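So the structure is just underneath, and the comments pick up after that.
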Amino acid sequence: ALIQAGEEHGRAVRTAPTKGATVGKATRSTLYDLFVPEGYPNSVRDGYMQFQAFDSLQALCSYLRGVLSTRAILEGLGVGHRSASALAATTQWVYRDGVGMFGGLIFAWNNAPYFDLNVKRWRLFADVAVDLALTLELASPLLCANAT
């Protein structure tokens, strides 16, 4: 894989790839292998790239919402206020996560037989539940401020 051709003393000269070009090509190849399905584009349906673009955008938005909701929860727990204790905030955080995990296990145990029946419906349910939870987390500073 030669990068460029030039002319020296009237004859064509080919130069070997530079180290940066080789690393760049290897990086692109690795990223392609990591993110693109094997056999692409023949291994996927039409519209895959459009779906993947929107799915990735949705994942980025969910991540950013998660960051904002984490900040809101910590603020709601009093982190940053003089009277707040880091131990109290940590304890509440662990309690909240523990209850969430336990609830998820109970939900999955109770509804697992139905997951394969209508995958799209359960995916929509999961997305709506996550959106509702993140909205409540974002509102937690307001809810906690009104509770005191």
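The values are calculated or read from the model by the stated rules, or taken from the named source; none is laboratory data. All figures in this text were calculated on a predicted structure; none of them were measured in a lab. Cβ: placed from backbone, ideal geometry, glycine included. Neighbour counts: every protein chain shown. Areas reflect the complete protein model, heavy atoms only, side chains present, ligands, DNA and RNA absent. Shrake-Rupley method; radii C 1.70, N 1.55, O 1.52, S 1.80 Å.
Does Phe125 satisfy being assigned to a helix (DSSP H, G or I), closer than 25 Å to Leu74 by Cβ, among the aromatic types (Phe, Trp, Tyr) and open to solvent by 90 Å² or more (accessible area, probe 1.4 Å)? For Phe125, the condition - assigned to a helix (DSSP H, G or I), closer than 25 Å to Leu74 by Cβ, among the aromatic types (Phe, Trp, Tyr) and open to solvent by 90 Å² or more (accessible area, probe 1.4 Å) - is not met. Of the residues that make up the range 103-110, is at least one polar (S, T, N, Q) and surrounded by 10 or more Cβ atoms within 10 Å (Cβ to Cβ)? No, that holds for no residue. Tell me which residues, restricted to the range 57-98, are in contact with a helix residue (DSSP H, G or I) (Cβ under 9 Å, 6 or more places away or on another chain), part of a helix (DSSP H, G or I), open to solvent by less than 90 Å² (accessible area, probe 1.4 Å) and of a type outside the set (Val, Ile, Thr). Answer for the range 57-98, where residues must be in contact with a helix residue (DSSP H, G or I) (Cβ under 9 Å, 6 or more places away or on another chain), part of a helix (DSSP H, G or I), open to solvent by less than 90 Å² (accessible area, probe 1.4 Å) and of a type outside the set (Val, Ile, Thr): Gln58, Ser62, Arg65, Gly66, Ser69, Ala72, Leu74, Glu75, Gly76, Ala89, Trp93, Arg96. If you go through the range 111-122 and keep only what is surrounded by 10 or more Cβ atoms within 10 Å (Cβ to Cβ) and assigned to a loop (DSSP other than H, G, I, E, B), you end up with Phe115, Asn118.
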